[in-house]
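**Q** Mind looking over this structure? Questions follow.
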Amino acid sequence: MKQRKTIATNSIIAICFVVWVFIQLFPSDSTITNSILIGAFYKPFVLAGEYWRLLTAGFVHVHLWHLAMNMMALLSLGKIFEPLLGIKRYLLILIPSIIVGSLFVLASPENSFVVGLSGGIYGLLAAYVTLILRTGGWRMPPVRAALVNMLFINLLLNFLPNISVHAHLGGFVTGLIMYGFITTDKTEVSKRVNHIVALVGLVGVLCFISWQNRFIPTRSRYLGTDLKVLQILNDGPLHQYSYFLAERLDTVYGLDDGFVQVLGKE
């Protein structure tokens, strides 16, 4: 029997585990600080120009249980989808789902700290549901049982502490759109442009709402956490970048050189 390769899935699991180890072992005051340093979604830093956090947040997990559950869900979906679609089309569902899931969080008016691959997993789940509904696979008991198990695991994630339902919703919607784009079904190929227009329109609306909600309420500002991250950057090889980021954060919060002055005194 030919081995079903899951190179991308296994690589992502390895990356997530290495990142988790870094978060646990890096010498700082907290795992939250370490998570922000290595790429967690943290709204003030995204607004300050670190847009890569929209993607990297998917590979960051603070707690072992969160990492384990997400990797189990990814493995369950990855062993089905990656051999079926190939690495390129598989990632064309997973990666946009992570990014748009993060945009859903960014559009929220509250300050947010979010980590985890759940947005991407929900994107794969949406694609899987679409696939089995279109092919009639849901009529087969083994396929139906696998779907119920996956839905149970992923729905359970919504009720765990510090989980972003916004990211799940964004990932699921994106998975529906992207599956329509990458499918080779002859009846759907002609509609690819429609799916791209839908995705671009969705991203545009989310960016507009995010701009409208760019002001962070005073009650949800964590300036001490921001300063700790800046101090670690300032003490390391990213010394110059820490000042650039401090200036951008001062703009985000509407401060008069607050972070810049603190770093300048050190």
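The values are calculated or read from the model by the stated rules, or taken from the named source; none is laboratory data. If you're wondering where the values come from, they're calculated on a predicted model, not measured in any experiment. Don't worry about glycine lacking a Cβ; one is built from the backbone with ideal geometry, like all the others, and counts go over all protein chains shown. These area figures cover heavy atoms from the full protein model, side chains too; ligands, DNA and RNA do not enter into them. Shrake-Rupley method; radii C 1.70, N 1.55, O 1.52, S 1.80 Å.
**Q** What are the pairs, 6+ residues apart or on separate chains, where a residue within the stretch 69-86 that is of a type in the set (S, T, N, Q) has its Cβ under 7 Å from a residue that is part of a helix (DSSP H, G or I)?
**A** Listed by first residue and then by second, the contacts come to ASN70/SER118; ASN70/ILE121; SER76/MET150.
**Q** Hey, could you check the stretch 78-91 for residues that are closer than 14 Å to ILE13 by Cα and more than 17 Å from the chain's Cα centre (by Cα) and say which is least open to solvent (accessible area, probe 1.4 Å)?
**A** GLU82
**Q** Taking ILE99 as the residue in question, decide whether it is in contact with a Leu (Cβ under 6 Å, 6 or more places away or on another chain) and either within 22 Å of LEU245 (Cα to Cα) or open to solvent by 40 Å² or more (accessible area, probe 1.4 Å) (or both).
**A** yes
**Q** Another one. Look at VAL173 and say whether it is at pLDDT 85 or above, open to solvent by less than 60 Å² (accessible area, probe 1.4 Å) and of a type in the set (Val, Ile, Thr).
**A** Judged against the criteria, VAL173 is a match.
**Q** Filter the stretch 224-253 down to the residues that are out of contact with any Leu (no Cβ under 8 Å at 6 or more places or on another chain), open to solvent by less than 40 Å² (accessible area, probe 1.4 Å) and among the small types (Gly, Ala, Ser) and list them by number.
**A** GLY236
**Q** Just a yes or no: is a residue in the stretch 257-265 surrounded by 12 or more Cβ atoms within 10 Å (Cβ to Cβ), aromatic (Phe, Trp, Tyr) and assigned to a loop (DSSP other than H, G, I, E, B)?
**A** no
**Q** Any residue that is surrounded by fewer than 23 Cβ atoms within 10 Å (Cβ to Cβ) and assigned to a helix (DSSP H, G or I) - is there at least one of those in the stretch 111-123?
**A** No, that holds for no residue.
**Q** With at pLDDT below 95 and either surrounded by 12 or more Cβ atoms within 10 Å (Cβ to Cβ) or not β-branched (Val, Ile, Thr) (or both) as the only criterion, which of LEU157, LEU206, LEU202 stands out?
**A** On the way: LEU206 fails: at pLDDT below 95; LEU202 fails: at pLDDT below 95.
From the options LEU157, LEU206, LEU202, the qualifying one is LEU157.
**Q** Now for a different question. Just for the stretch 32-55: of the residues that are outside any helix (DSSP H, G or I) and open to solvent by less than 20 Å² (accessible area, probe 1.4 Å), which one is nearest to SER112 (Cα to Cα)?
**A** Among those residues, the one meeting the criterion is TYR42.
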